[in-house]
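Asks: Can you read through this structure? Questions will come right after.
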Protein chains: 6
Amino acid sequence: MTHANAPAPPRSTLVVTAHAGDFVWRAGGAVALAASRGEQVTVACLTFGERGESAKAWRAGKGLAEIKAMRREEAERAAAVLGAGVRFFDAGDYPLTESAELTDRLVALYRETRPDVVLTHPAQDPYNGDHPAAHRMALQARILAQAVGYPGDGDVTGAPPVFFFEPHQPEMSGFRPEVLLDITEVWDTKRKAMECLGAQEHLWAYYTDLAVRRGVQLRRNAGPNLGLAHDTRAEAFMRPFPQIARELA
Amino acid sequence: MTHANAPAPPRSTLVVTAHAGDFVWRAGGAVALAASRGEQVTVACLTFGERGESAKAWRAGKGLAEIKAMRREEAERAAAVLGAGVRFFDAGDYPLTESAELTDRLVALYRETRPDVVLTHPAQDPYNGDHPAAHRMALQARILAQAVGYPGDGDVTGAPPVFFFEPHQPEMSGFRPEVLLDITEVWDTKRKAMECLGAQEHLWAYYTDLAVRRGVQLRRNAGPNLGLAHDTRAEAFMRPFPQIARELA
Amino acid sequence: MTHANAPAPPRSTLVVTAHAGDFVWRAGGAVALAASRGEQVTVACLTFGERGESAKAWRAGKGLAEIKAMRREEAERAAAVLGAGVRFFDAGDYPLTESAELTDRLVALYRETRPDVVLTHPAQDPYNGDHPAAHRMALQARILAQAVGYPGDGDVTGAPPVFFFEPHQPEMSGFRPEVLLDITEVWDTKRKAMECLGAQEHLWAYYTDLAVRRGVQLRRNAGPNLGLAHDTRAEAFMRPFPQIARELA
Amino acid sequence: MTHANAPAPPRSTLVVTAHAGDFVWRAGGAVALAASRGEQVTVACLTFGERGESAKAWRAGKGLAEIKAMRREEAERAAAVLGAGVRFFDAGDYPLTESAELTDRLVALYRETRPDVVLTHPAQDPYNGDHPAAHRMALQARILAQAVGYPGDGDVTGAPPVFFFEPHQPEMSGFRPEVLLDITEVWDTKRKAMECLGAQEHLWAYYTDLAVRRGVQLRRNAGPNLGLAHDTRAEAFMRPFPQIARELA
Amino acid sequence: MTHANAPAPPRSTLVVTAHAGDFVWRAGGAVALAASRGEQVTVACLTFGERGESAKAWRAGKGLAEIKAMRREEAERAAAVLGAGVRFFDAGDYPLTESAELTDRLVALYRETRPDVVLTHPAQDPYNGDHPAAHRMALQARILAQAVGYPGDGDVTGAPPVFFFEPHQPEMSGFRPEVLLDITEVWDTKRKAMECLGAQEHLWAYYTDLAVRRGVQLRRNAGPNLGLAHDTRAEAFMRPFPQIARELA
Amino acid sequence: MTHANAPAPPRSTLVVTAHAGDFVWRAGGAVALAASRGEQVTVACLTFGERGESAKAWRAGKGLAEIKAMRREEAERAAAVLGAGVRFFDAGDYPLTESAELTDRLVALYRETRPDVVLTHPAQDPYNGDHPAAHRMALQARILAQAVGYPGDGDVTGAPPVFFFEPHQPEMSGFRPEVLLDITEVWDTKRKAMECLGAQEHLWAYYTDLAVRRGVQLRRNAGPNLGLAHDTRAEAFMRPFPQIARELA
């Protein structure tokens, strides 16, 4: 809970991801939930996942440009379903390489969108080096965007809270569910967004099961008395910075 | 944020501590804040701190019964200032010894007070073995109180969130501020409660400084734009179980 | 892989668990797999889970003796399905209390069964204190059973490798899948054993989903080229002691 | 234990190291063991260790080219003794600098050798920054080699298991022996390979003592009953990815 | 305690910092203490902190060159008060970027100053990426400076002990006080040095409070009997390498 | 380094161990070093190691009383060689059980010997549960001995620094060498003391090798320029509480 008694503009969420599909599998519920409240959500896709996450298309003989276009189109449709805007950085994946130039473009996006909340990958992923690279640039840009001495357009930002969404193999990536977000009411929307990603159909069931399992955990941690539906769906997040609270709850 | 749309009874907070003064130094702000909202707060003091935290009295030649009475009286006055009720278990400190009997008495208190929030010591304290002992019994009792098969009066409880308050030497005790609670509006109350503890006057300034320092951290983590007062006071807590959320903030 | 060129007796597995159902949910595949090879498997149930894991029966108004009998009967049927023997210690759950006497009975079981492999709970479980208590006694008894100076019947044992099976909330319990065991060929047996536990029907689907998810991880960690079935099922374990190997694989 | 029932080609091991001598001291036993089974072993030496690990030669007044040639010759002789092939990347040490180009050359080697097992340095070494740099590139190349979208010759590889060999100061480098490999039968071969490295004669006794100590640990972890020789020699490894198993042992 | 029976030159301390003010807030006491014993202290400021730590000046409309000059002048005055020399690398902050060239300049400084002790930032700081960047270069240069094969002027150095000074938010940066240095006798000097940093006046009180708090910890860890002054002031450090000792104390 | 300018009594070291031989293998050098300076050293052996560490004697058919007598005699001779006094608590090993009574006897010993330094086992040892039990009682007694309210003879003690000596399998016990003590000058004495322990002759060479290896580490961490002998011998320790220092070195 923030101290925000900010008057006018809607709350803003910025999602910084390595590949075009990440925001759907890992944070689609959070995105849909914010959008359903009339908040602004912007997804930064640093790459299209054209090399590392498009095996099926490569095996089908498609070319690089074609694959990028397909991934872009899929991501745009999924973002539209969720109610988010999406920006493509086309920085090249596998490997995604950290650079001052790419970080600077992210600083500009921070200053443009002025996020109240930031979502990104956690620090580790032994199965995919692009995710930690996106993580590091997202956090570095967040720091730089706060400094009045850092050049560029737009006003200096605050220090928005950050949430790390769940990686594909959480226990191997040091992931611990520190926040369980109830996404039951937007579950159908997330499912529809997942179904936009035709190239990875095998993940639909996988992430549906995960939402169920996190929902069970949510109910177990919430106690039996809260009238939660038996079909509760949830997403898990880490919270690397202290929560600022006016009440313990 | 819980899903509570519970109708009637006020929210309930249970604070489980080893010694009579712990709740004041470490969680006085959280207690006062909850009380100021009309919530019920119950402090369980497992011991009076008669042996381990009353050096001045022993040096002054007082006896055991006298010291216990003095500590009880101080704690009752401080609790009254904060707006909390206090229960003394008189289990004997230095060492406070874990036992099934004492844990069972805590289960009964859980079932009586039906807490929405539990505060207790963190797991480690290399300077005081009573604190981890209280921690273990507080968590064990919380589990047992949820089981319909565990005998005793009162209804089974839910699984309330737990917060660990800050130990005297946080870095040596594995303490990391995961929640920073803004206690500015009840700061004067906490200070008055601290002043009830005459035997430990040297700690008044120490915990005032700590509240200032945690306040600075709160403001730094909240970003510069939130209109927080320059004299923000805060208390820090750990949150061992996942936060249940309806919104990322 | 052990260096065992032991001649005659079949390999022996000892499973030490807190409650009557634990071995089914968490290690049923490993048990069935060993039994399917003609190995001996012995399950030690320190309690029936009569207080902490039988909420439905308590709510239905059953009494303690009745619940114990029901749990015993269910566990015996499940063990028979899996091909294991089961020993009940009836030590009382919620809380399961560590004691020298109970540990000594475990030492005797170690010396009787002379296990080549030991399975038990991991060290942490913030949702259930009985599991860590069983863990500590299982490991302590394993050490004592090796000492010629420790009194009791039977010969001194070796130092069998230990595996910790997966807790209900792995990320909250410091669990990391260090071994993924392919249980595809005995999956139907495990499912049948789960269905013996009528009191916990809601867990059947949960642990089926988990087996699928661990199977996906197994395939991902094994690489794409190994001809693994798409319906691979797996169980995850930790390995607290070094693996003794004759080959890196 | 892998599920390999691969038909024709011999198993392949790839060892990725920073300096020309690393594979001998740290993994010579594992290399000799695999070779003794008729398997293919390829050692990638990213540098000759010409600046950081050749102090004696510099002190003797030798020049850079001369030192490189000497280290190459020593490493080739040691590799021949162990039964491995060796590839020199000559990337320059002290510091060894990560680069996309060097990583790409490693990807090509992965695709050429198609390893069933990968050995490399662990993630940390506060005494030598080249070791972690080699580690990061070895792991990154392993990921890239699996992606059909990553350009280059050769077929996509699987996801071979990885083992980290023991650094010079294990406790300072977060090293924990997760696998103890029995190298007794190839110990004489490892010793001969070490003796090829004349420039570091002071390490012969050091790594002999280490093999003895790891052998004692192996016997202690294997239990007293396994008929292991009193002169058991061992090497220790970490296993960062889950072991895929068909049996717990 | 080192084994130094070095004859002639005074002991040398090298402080490697990211920004011009860091050495004052975080290590001013250690610097003043060494200088007060007639030792040589050299501070390397990799940047002036012109972008990231000069918000007030930017808000006042000053330009980059002007801010750098002001920060340089402040740092020089503070260093003079403490008794240290200061070197400015002007490498550009926010972000401070690691490079081989900058590391090489640090190697040269190591070889010139031949430090007996090195102070620098700890490895983590989620609030400022320049601090970890300085940390990594300081440690890398320390390794390279020891290698006779690394080119450059000056003799090879030894392996001086390293101390990490306290970051602004210690608990969020993995900081644990492993050494508490008594700076009581130079406290006034440190305070005067802090007062040279007019741009950050709000930190004077903050770091005074910290010195008091660390002083309390020092006394608590030293035991009650040591005749320490009630106004003991201290600074905290981590020690990443083993202490070399001739006595346990 | 303590602030002690205590006048008269010699420094006092207290070593709290589980079994009769522990102090020789793990801390014999530290003990001999302190004694060689004329300091008082007291070794508390909580048990004789009669069950868990006397396998050879049991196999030889000796009885309990006989084994205890033999272990006592060996330990007394070793202590005499090292220059230490030894106290036997005869609390029974395998398992050594924590108790308030035994802890109280340790408190009395703290108050009698008034240690300036305490040595004991580290917190973990997966191969021997008695070591952690001794560790916990040693630390608990140290806290209680400081409290004026804790009953018993003798004056309240200070808060002496604590050092954990090295367990038999350091990497499996979370042991990290934080202090390397140069024991070269008393090495012959330690070797003689080890040779008093005839029942464990196989450990003589093992702990000699360890002393050599820790000596190599000491020299590597001390840098090449310190004129340390090539036959440096060392013991490694952890330091759980902050070092109190007047100088960084």
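Asks: Determine the relative contact order of chain B: mean sequence separation of Cα pairs under 8 Å and six or more apart, normalised by residue count, in whole percent.
Replies: Once normalised by length, the contact order is 24 percent.
Asks: For chain C, which semi-axes, largest first and in whole Å, follow from the square roots of 5 times the eigenvalues of its Cα gyration tensor?
Replies: 26, 25, 16
Asks: Place the peptides D:104-113, E:112-121 in order of packing, highest mean first, counting for every residue the other Cβ atoms within 10 Å and averaging per peptide.
Replies: E:112-121, D:104-113
Asks: Order these peptides, F:159-170, B:145-156, C:68-79, A:40-51, by their mean beta-carbon neighbour count within 10 angstrom, highest first.
Replies: Result, highest mean Cβ count within 10 Å first: A:40-51, F:159-170, C:68-79, B:145-156.
Asks: Non-local amide H neighbours of residue F:92 (under 5 Å, H modeled in plane, Pro and chain starts lacking H): which ones?
Replies: Those lying under 5 Å, H to H, from residue F:92 are F:48.
Asks: What FRET efficiency, computed as 1/(1 + (r/R0)^6) with R0 = 25 Å and r the Cβ-Cβ distance, is obtained for residue C:37 and residue D:155, rounded to the nearest 0.05?
Replies: Plugging the Cβ-Cβ distance into 1/(1 + (r/R0)^6) gives 0.10.
Asks: Roll a 1.4 angstrom probe over the protein heavy atoms and tell me the percent of accessible area of chain D that is carbon or sulfur.
Replies: 51
Asks: How many times 2.2 N^0.38 Å is the alpha carbon radius of gyration of segment F:1-147?
Replies: 1.05
Asks: Next up: Give me a comma-separated list of calculated 3J(HN,Hα) values for segment A:208-214, in order, Karplus coefficients 6.51, -1.76, 1.60 applied at θ = phi - 60°, integers in Hz, x for any Gly or Pro.
Replies: Calculated HN-Hα couplings, in order: 5, 4, 4, 4, 5, 4, 5 Hz.
Asks: At 222 nm, what helix-only mean residue ellipticity would chain F give, in deg cm²/dmol to the nearest 500, using -39500 (n - 2.57) for each DSSP H run of four or more?
Replies: After summing the helix terms and dividing by residue count, I get -13000 deg cm²/dmol.
Asks: If you don't mind, another one. Averaged per residue, what accessible area in Å² does segment C:88-156 show with a 1.4 Å probe, protein chains only?
Replies: Dividing the accessible area of segment C:88-156 by its residue count gives 35 Å².
Asks: In whole angstrom, note down how far apart the Cα centers of segment F:57-106 and segment F:198-218 are.
Replies: 22
Asks: Counting only other chains, what is the mean number of Cβ atoms within 10 angstrom of the Cβ of each residue in peptide F:174-180?
Replies: Across F:174-180, the average partner-chain Cβ count within 10 Å equals 5.
Asks: A further question follows. If the cut-off is a Cα-Cα distance under 25 Å, which lysines reach residue B:56, setting aside same-chain residues fewer than 8 apart in sequence?
Replies: Once the sequence-local lysines are set aside, what remains near residue B:56 is B:68, B:190, B:192.
Asks: At residue F:152, label 7 Å along Cα→Cβ: distances to the other copies, nm, ascending?
Replies: Distances to the matching label points in the other copies: 3.2, 3.2, 5.5, 6.1, 6.5 nm.
Asks: Defining a contact as two alpha carbons under 8 Å apart and six or more residues distant in sequence, what relative contact order in percent does segment C:185-249 show?
Replies: The value is 28 percent.
Asks: Restricting to segment B:119-249, compute how many DSSP beta bridges are antiparallel as a %, nearest 5.
Replies: 75
Asks: What is the sum of charges, Lys and Arg at +1 and Asp and Glu at -1, for the other residues whose Cβ falls under 14 Å from the Cβ of residue B:51?
Replies: Surrounding charge for residue B:51 is -2.
Asks: How far apart are the residue C:208 label points across copies, placing each 7 Å from Cα toward Cβ, in nm, shortest first?
Replies: Here residue C:208 shows inter-copy label distances of 1.4, 6.2, 6.5, 6.5, 7.0 nm.
Asks: Same structure, new question: At a 10 angstrom cut-off on C-beta neighbours, averaged per residue, how do the peptides A:14-27, E:205-218 rank from highest to lowest?
Replies: A:14-27, E:205-218
Asks: Amide H of residue D:244: which non-local residues (sequence gap of 5 or more, or other chain) have their own amide H closer than 5 Å, using H built in the peptide plane?
Replies: C:180
Asks: Roughly how big is the F-E contact, given as buried accessible area in Å² (both sides, 1.4 Å probe, nearest 100)?
Replies: 3700
Asks: Please list the non-local residues whose amide H lies under 5 Å from the amide H of residue E:119, H modeled 1.01 Å from N, same-chain partners needing a gap of 5 or more.
Replies: Amide H to amide H, under 5 Å and 5 or more residues apart or across chains, residue E:119 pairs with E:14, E:15, E:16, E:163.
Asks: Right, something else. Would you mind giving the mean number of other chain beta-carbons within 10 Å of the Cβ of each residue in C:167-173, as a whole number?
Replies: 5
Asks: Next up: Let me know the mean shielding of D:144-152 by other chains, meaning the per-residue number of their Cβ atoms within 10 Å of its Cβ.
Replies: Counting Cβ atoms of other protein chains within 10 Å of each residue's Cβ and averaging gives 6.
Asks: Gap in Å between the Cα centre of segment F:11-28 and the Cα centre of segment B:117-149?
Replies: Rounded to whole Å, the Cα centres lie 34 Å apart.
Asks: Okay, moving on. With θ set to phi - 60°, apply the Karplus curve 6.51 cos²θ - 1.76 cosθ + 1.60 along segment E:143-155 and write out the HN-Hα couplings as whole Hz, x wherever there is a Gly or Pro.
Replies: Per residue, the Karplus-derived 3J(HN,Hα) values read 5, 4, 5, 7, 8, 5, x, 7, x, x, 6, x, 7 Hz.
Asks: Nearest-to-axis residue of chain A, judged by Cβ, for the A-to-C rotation, with distance in whole Å?
Replies: Of all Cβ atoms in A, the one closest to the rotation axis yields A:209, 2.
Asks: Which percentage, to the nearest 5, of the DSSP beta bridges contained in the protein assembly as shown is antiparallel?
Replies: 25
Asks: Next up: Using θ = phi - 60° and the Karplus curve 6.51 cos²θ - 1.76 cosθ + 1.60, what whole-Hz ³J(HN,Hα) does each residue of segment A:70-77 get, with Gly and Pro shown as x?
Replies: Going residue by residue, I get 5, 5, 4, 4, 4, 5, 5, 5 Hz, with x marking Gly and Pro.
Asks: Rounded to the nearest 5, what % of DSSP beta bridges with both residues in chain A are antiparallel?
Replies: Beta bridges within chain A, antiparallel portion: roughly 25 percent.
Asks: Label points 7 Å out from Cα along the Cβ direction at residue B:231 and residue B:108: separation in nm?
Replies: 4.5
Asks: Could you give, in nm with one decimal, how far residue E:80 is from each other copy of that position, shortest first, with labels 7 Å out from Cα toward Cβ?
Replies: 6.1, 6.8, 6.8, 6.9, 9.4
The values are calculated or read from the model by the stated rules, or taken from the named source; none is laboratory data. Here the structure is a predicted model, which means the values were calculated and not measured. Neighbour counts run over all protein chains shown; Cβ positions are idealised from the backbone, glycine included. Surface accessibility is based on the protein's heavy atoms, side chains included, excluding ligands, DNA and RNA. Shrake-Rupley method; radii C 1.70, N 1.55, O 1.52, S 1.80 Å.
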